[in-house]
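Structure, as structure tokens:
The values are calculated or read from the model by the stated rules, or taken from the named source; none is laboratory data. Quantities reported herein were computed from a predicted structural model and do not represent experimental measurements. We place every Cβ from the backbone using ideal geometry, glycine too, and count neighbours over all the protein chains shown.
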Amino acid sequence: MARITLIAGAANPLAGALLDSLRQATQGHVFTLADPSRLEEHVNGSTACVYVPACRGRDAMKPDLREAEDVFRSAERLACPRFVVLSSALVYGNAPGRQVLVDESYTAPGESGRIAEQWRCLESQAVKHFPAASLVILRPSLLMESPALPARRLRKRFVSVLPGHDPSLQILSLFDLAQVMLLVIDNKMAGAYNVAPDRVVPIKRAISHARGWCLPIPRTLQRLAGDSESLDSIRYPWTISNAKIKRDLGFVPRRSSLAALRDFRGRGKEIPDPEPAFDDFGLDLDYIRFRSRTIFRFLSDLYWRIEHQGMEYIPRSGPAILVGMHRGFVPLDGAMAVHTILCATGRVPRFLTHPMLYKFPFLFDFMSKMGGVPACRESAVRILENNELLGVFPEGVKGAFSLYRNAYRLQGFGRDAFVKLALRYRAPIIPFVTVGSAEIFPVFAAIPFPWFKRYAGFPYIPITPTFPLLPLPLPSKWHTQFLSPIDTARYPADAADDPSVIKAISVEVRTRMQCAVDDMRRRRESIFFGSIFKTPVDKTTKSAAV
């Protein structure tokens, strides 16, 4: 019979709840709860020790590193045969550019924040004190029993949220966590493991499902009552992948995020069968379709009178990469591209988006629900592996902030990462260009502003006739053309590692796009009126016919 010692202080509410769950899930084990200051009385003779660190601070988001160091030293001296550390998914950081469903190999960037740094320090301390073969680090997603800020809020009937931010969360059942602990101990596993349910849920949908009420309070006001960095846990998604623990242990979570929340609160709506599935990136098809029937239709058909050509080049199934040009620094041309493609093909492309756009309220919701994805390779790979349409603007910020006099001269394409992805996943590259979108917010000057660059990630403050004093786009006439695809399947399998092939394809894409733009501008008679895709009638022929 295995004896497992749970190490936690008396004031640790998570430890008591976890002990109850372990006893419910027990398979003939004996459990004891040990105070960190009295380990000698309990650790000797234990098969394994599980450490639940105390969390400090007003928002209880950071581990107590001083207590952790004392526990690790004592357990090392007492030669505990197996040691399990309950860390947190917060170790991966929480920022606008963080990818979704990160795995255990993900390394948080250096500017990921103090909370992530503290959890990384906790894990580093454990690694220093215990042999790799006997140490297990578990990184659970949000636990309702935790004293941390997100869980505390979700436990209330009236929940303070950030207006314009509806991030996806994973709520882990404590019973599932207990099952994982028993599995790693019984199977003598070692290493770091994420522990999370299979499905994500937007925070506002979770609150509504549990019959709670959202109280939208601006972040500026909420910062007065708590740590501003802690608010990022309800501002951005911090989801994790459970693929490793499934693969190594065959673990299948029994409770979804909605079920875990409903069970904890003891009330809520009945979960329909099948349970609603929410998009990992936050895309909301109902949101897009509603706007396509209303505001997007008005903008497309009446305000900008968008005409398009070449829609037959977009495949109706399978992966493809759409390579476009973005002008006007406000992502309205991307939204119109989503609307146009959805109406013509029934598919919704996911555009890689500058991460800093997700810092702004309401723009976060708009970008996420419209299919925007923070730009990173891992997210692009996930989209292509799901056989979806991936949209990229390879000019990046330089293209968005192009001065109007150069608006239709394409900038450089940077690292050509989209070509590598297309070659590796055998996805066709479909270039497309728009003439007319640069006129909605013509940039006549760009002022460097270091503070704006640090906060928003953009190098300049644009000076336009209508922004920022009157942020209304001008009613120019748009013309969008999709060009014939570049078939990447004709290249050898190792072409993705050949810089000469990658550069040649990138140059071809850019050249074709620039030629199309130049041709469209030559045929455009007016910024506000006319068509460039309809074949004009020759006046001489028309007179002769009359």
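Pairs only if they're at least six apart or on different chains, beta carbon under 6 angstrom, first in region 317-329 and at positive phi and buried (at least 24 other Cβ atoms within 10 Å of the Cβ), second assigned to a loop (DSSP other than H, G, I, E, B) and among the hydrophobic types (A, V, I, L, M, F, W, C); list them, first residue then second. Matching pairs, first to second residue: Gly328/Ile440; Gly328/Phe441.
Scanning region 225-251 for residues that are buried (at least 16 other Cβ atoms within 10 Å of the Cβ) and assigned to a loop (DSSP other than H, G, I, E, B) turns up Asp227, Glu229, Arg235, Tyr236, Pro237, Trp238, Thr239, Ser241, Asn242, Phe251. Within region 352-362, if we keep just the residues that are surrounded by 17 or more Cβ atoms within 10 Å (Cβ to Cβ) and of a type outside the set (S, T, N, Q), the residue that is nearest to Val338 (Cα to Cα) turns out to be Leu352. The set of residues in region 472-514 that are farther than 23 Å from Ile341 by Cα and in contact with a strand residue (DSSP E or B) (Cβ under 9 Å, 6 or more places away or on another chain) comprises Ile505, Glu508. Residues considered: Ile245, Ile234. Of these, the only one that is touching a helix residue (DSSP H, G or I) at 6+ places or on another chain (Cβ under 8 Å) and in the same structural domain as Gly57 (by TED's automatic domain parsing) is Ile245. If you go through region 41-56 and keep only what is under 41 Å from the mean Cα position of the chain (by Cα) and not in a loop (DSSP other than H, G, I, E, B), you end up with Ala48, Cys49, Val50, Tyr51, Cys55, Arg56. The number of residues in region 57-86 being in contact (Cβ under 8 Å) with a residue 12 or more places away in the chain and assigned to a loop (DSSP other than H, G, I, E, B) comes to 9. Residues that are in contact with a helix residue (DSSP H, G or I) (Cβ under 6 Å, 6 or more places away or on another chain) number at least 2 in the following helices (runs of 4 or more DSSP H) confined to region 271-357: 285-293, 332-345. Scanning region 126-169 for residues that are in a helix (DSSP H, G or I), buried (at least 17 other Cβ atoms within 10 Å of the Cβ) and touching a strand residue (DSSP E or B) at 6+ places or on another chain (Cβ under 9 Å) returns Ala126, His129, Pro150, Ala151, Arg153, Leu154.
Conditions tested, residue by residue: (1) more than 18 Å from Phe458 (Cβ to Cβ); (2) modelled with pLDDT under 95.
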| site | (1), (2) |
| --- | --- |
| Pro315 | yes, no |
| Gly334 | no, yes |
| Thr340 | yes, no |
| Phe351 | no, no |
| Pro355 | no, yes |
| Ala375 | no, yes |
| Gly391 | yes, no |
| Glu395 | no, yes |
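Residue-wise test of (1) under 31 Å from the mean Cα position of the chain (by Cα); (2) modelled with pLDDT of 90 or more.
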{"residue": "Pro448", "(1), (2)": "yes, no"}
{"residue": "Tyr455", "(1), (2)": "yes, no"}
{"residue": "Lys477", "(1), (2)": "no, yes"}
{"residue": "Tyr491", "(1), (2)": "no, yes"}
{"residue": "Ser500", "(1), (2)": "no, yes"}
{"residue": "Met520", "(1), (2)": "no, yes"}
{"residue": "Ser531", "(1), (2)": "no, yes"}
{"residue": "Pro536", "(1), (2)": "no, no"}
{"residue": "Ser543", "(1), (2)": "no, no"}
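Answer yes or no as to whether Phe458 is farther than 22 Å from Val507 by Cβ and not assigned by TED's automatic domain parsing to the domain that holds Ala95. Quick ask: steps written out before the conclusion?
Values: farther than 22 Å from Val507 by Cβ: yes; not assigned by TED's automatic domain parsing to the domain that holds Ala95: yes.
Yes: the conditions hold for Phe458.
Evaluation of Gln170 against the conditions (1) modelled with pLDDT of 95 or more; (2) over 19 Å from Asn242 (Cα atoms) shows that the sole unmet condition is (2).
Condition check ((1) polar (S, T, N, Q); (2) under 29 Å from Arg153 (Cβ atoms)) across all residues:
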residue: Pro53; (1), (2): no, yes
residue: Gly57; (1), (2): no, yes
residue: Met61; (1), (2): no, yes
residue: Arg66; (1), (2): no, yes
residue: Ser74; (1), (2): yes, no
residue: Arg77; (1), (2): no, no
residue: Val84; (1), (2): no, yes
residue: Trp119; (1), (2): no, yes
residue: Lys128; (1), (2): no, no
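Does at least one position in region 63-80 carry a residue that is in contact with a Phe, Trp or Tyr (Cβ under 9 Å, 6 or more places away or on another chain) and surrounded by fewer than 19 Cβ atoms within 10 Å (Cβ to Cβ)? Looking for residues that are in contact with a Phe, Trp or Tyr (Cβ under 9 Å, 6 or more places away or on another chain) and surrounded by fewer than 19 Cβ atoms within 10 Å (Cβ to Cβ), one finds at least one in region 63-80, hence yes. Picking from residues in region 1-31 that are among the hydroxyl-bearing types (Ser, Thr, Tyr) and surrounded by 17 or more Cβ atoms within 10 Å (Cβ to Cβ), the one that is farthest from Asp186 (Cα to Cα) is Ser21. Close Cβ contacts (under 7 Å, 6 or more residues apart or on different chains) running from residues in region 235-261 that are within 20 Å of Ala116 (Cβ to Cβ) to residues that are hydroxyl-bearing (Ser, Thr, Tyr) and assigned to a loop (DSSP other than H, G, I, E, B) comprise Ile240/Ser141. The residues on offer are Phe329, Phe296, and the sole one that is in contact with a His (Cβ under 6 Å, 6 or more places away or on another chain) and more than 30 Å from Arg139 (Cα to Cα) is Phe296.
Just so you know, in region 87-123 the residues that are among the acidic types (Asp, Glu) and not in a loop (DSSP other than H, G, I, E, B) include one that is farthest from Asp59 (Cα to Cα), and it is Glu123.
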